[in-house]
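Engineer: Submitted below is the structure of interest, expressed as C-alpha cells.
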Amino acid sequence: MAVLVTGGAGYIGSAFVEQLAAKGERVVVLDDLSRGHRAAVHSEAAFYQGRTGDRALVARIAREHPLDACVHFAAFAYVGESVSEPGRYFDNNFTQAQVLFETLVAAGVKRVVFSSTCATYGVPTAVPIAESHPQWPINPYGWSKLFVERLLESFDRAHGLRFVALRYFNAAGATTRCGEHHEPETHLIPLALRAAAGRGAKLKVFGRDYDTPDGTAIRDYVHVSDLGEAHLLALAHLRRGGDSELLNLGTGTGYSVLEVIEAAKRVTGRDVPSEPAERREGDPPRLVADPSRARAVLGWEPKRPSLDAIVRSAWDWMQAHPDGYGPGA
Ligand SMILES: NC(=O)c1ccc[n+]([C@@H]2O[C@H](COP(=O)([O-])OP(=O)(O)OC[C@H]3O[C@@H](n4cnc5c(N)ncnc54)[C@H](O)[C@@H]3O)[C@@H](O)[C@H]2O)c1
C-alpha cells in the first residue's frame, strides 16, 4: 500500500515524505508546483504534477497505486494574499480538497491526515489555546481551512472517512535535505536569517506595543521534523482504527519576535538588521498552543523544542542551499 502526499514538493510536505520514506513506506506525491519545488520531491516517491482538484488525475493515481491513506498538505498559505484574492483561496484550499476527498472515497481510500492551522481560532480569548477554544478566523485563509475541517467531519458521518486534522502553530527549522524556500518569504525565522546573511531587506518588526513582556508578538515555533513525527503518529492512529481527531501541534512555549532575533544573532554570530513597523491588521499578540491533547491521543512529544536548535537547523540548511532549491525554482 502507498500513502498519497499532496503538497509533497512544499516545505512541510517534502520533509514529511523524507520521514515516511525512511520508514520504508511507499509514497506518491501530488503537487502542482505552484508554490513547491520539483527538487524538493524525494527521489523514492512517485511524482505526479497536477492539482488536488483534478478528479481524473486523482482517480488515475488511485488506480495506479494501492493507496491506504492521504496526507493532505497542498494549499495556499499566505494570509495577506487570501484577503486580496479570497476566491482563489476558497477554490484551492476548500473546493479542490472537496474533489480530492470525493475521489479518494470513491476509490475506497478513507484515511486522511489534514494540515489545518491555528489561524482557524482567529484572535484567541484564552492562551494557551486548547482545541475546545472557539474557532472564528479573521481571514479567508483561516476560513478555508476551517471549512475543510467541517467537510472532513461531514465525510466522516456520511462516508466513514476517518481523519486527523492537525492544527499547526508556526512550522520552522529544516532537515539536512529539506528547508524553507518560499517566494515571497513571509515567515519570521527565514527572514531573520536572510537579514543576518545580508541577503534580504532589514527585518521588519511588526508592532512594538503589544501587551507582551517586550512589546512584540509571541508565537509557538514547532520544528518541521516534530510536525512530521506527529503525522506518522496520526497515520498509525488511523490505521489502528482510531476515531477522527482535531489536534493542536505546538510546543506550548511562545517566543517573541525579539527573542527570535536574539536567537538568530546567537546562532549566526552576526547582526540581524531590523526596523520597527506598524502592527499588521489581525496579528494577535500571542498564539501559543496547548498541545496536551496531541500528547494524550497520539503520544506526540516535540523532540526539538529549543528555539536555538530550530534556528540552527534553518541556518545550516540556508548555508548549504544559498539559493534554496535553485534560482526561480
Ligand atoms: N508553514 C506553516 O507555518 C504552516 C502553519 C499552519 C498550517 N500550515 C499548512 O501546512 C501546509 C503546508 O504548508 P507549507 O508551509 O509547507 O506550504 P508550501 O507552500 O511550502 O507547500 C504547499 C505545497 O502545495 C502545493 N499546492 C498548493 N495548492 C495545490 C493544489 N491545489 N494541488 C496540488 N498542489 C498544490 C504547492 O505547490 C506547494 O508545493 C499548508 O496546507 C498550510 O496551510 C502551514
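Engineer: Where in the range 183-270 are there strands (runs of 3 or more DSSP E), lying wholly inside it, with at least 3 residues that are closer than 21 Å to Phe163 by Cα?
Structural biologist: Here the list reads 245-249.
Engineer: I'd like to know if the range 157-178 contains one or more residues that are in contact with a Pro (Cβ under 6 Å, 6 or more places away or on another chain) and either open to solvent by 30 Å² or more (accessible area, probe 1.4 Å) or more than 10 Å from the ligand (Cβ to nearest atom) (or both).
Structural biologist: no
Engineer: Suppose we filter Gly254, Gly299, Gly269 for residues that are out of contact with any Leu (no Cβ under 8 Å at 6 or more places or on another chain) and either at pLDDT 95 or above or open to solvent by 30 Å² or more (accessible area, probe 1.4 Å) (or both); which single one remains?
Structural biologist: Selected residue: Gly269, the only one of Gly254, Gly299, Gly269 that is out of contact with any Leu (no Cβ under 8 Å at 6 or more places or on another chain) and either at pLDDT 95 or above or open to solvent by 30 Å² or more (accessible area, probe 1.4 Å) (or both).
Engineer: In the range 224-253, how many residues are touching a Gly at 6+ places or on another chain (Cβ under 9 Å) and under 22 Å from Pro284 (Cβ atoms)?
Structural biologist: 0
Engineer: Give the residues of the range 22-38 that are surrounded by fewer than 17 Cβ atoms within 10 Å (Cβ to Cβ), under 19 Å from the mean Cα position of the chain (by Cα) and more than 8 Å from the ligand (Cβ to nearest atom), sorted by residue number.
Structural biologist: Within the range 22-38, just Arg38 meets the criteria.
Engineer: Report, ordered by the first and then the second residue, all pairs with beta carbons closer than 7 Å, sequence separation of six or more or different chains, a first member in the range 56-75 that is in contact (Cβ under 8 Å) with a residue 40 or more places away in the chain and open to solvent by 20 Å² or more (accessible area, probe 1.4 Å), and a second member that is part of a loop (DSSP other than H, G, I, E, B) and of a type in the set (Ser, Thr, Tyr).
Structural biologist: That search, which allows pairs on different chains as well, returns Ala74/Thr52.
Engineer: Do you know which residues across the range 91-149 are among the acidic types (Asp, Glu), within 14 Å of the ligand (Cβ to nearest atom) and within 21 Å of Arg295 (Cβ to Cβ)?
Structural biologist: Hit for the range 91-149 is Glu149, nothing else.
Engineer: Can you name every residue in the range 3-21 that is closer than 15 Å to Leu232 by Cα, without any contact (Cβ under 8 Å) to a residue 40 or more places away in the chain and within 14 Å of the ligand (Cβ to nearest atom)?
Structural biologist: Val17
The values are calculated or read from the model by the stated rules, or taken from the named source; none is laboratory data. Given the structure is predicted, the values throughout are model-derived calculations rather than measurements. Cβ coordinates were reconstructed from backbone atoms using ideal geometry, including for glycine residues, and neighbour counts include every protein chain displayed. What goes into the accessible areas is simple: the full protein's heavy atoms, side chains included, and nothing from ligands, DNA or RNA. Shrake-Rupley method; radii C 1.70, N 1.55, O 1.52, S 1.80 Å.
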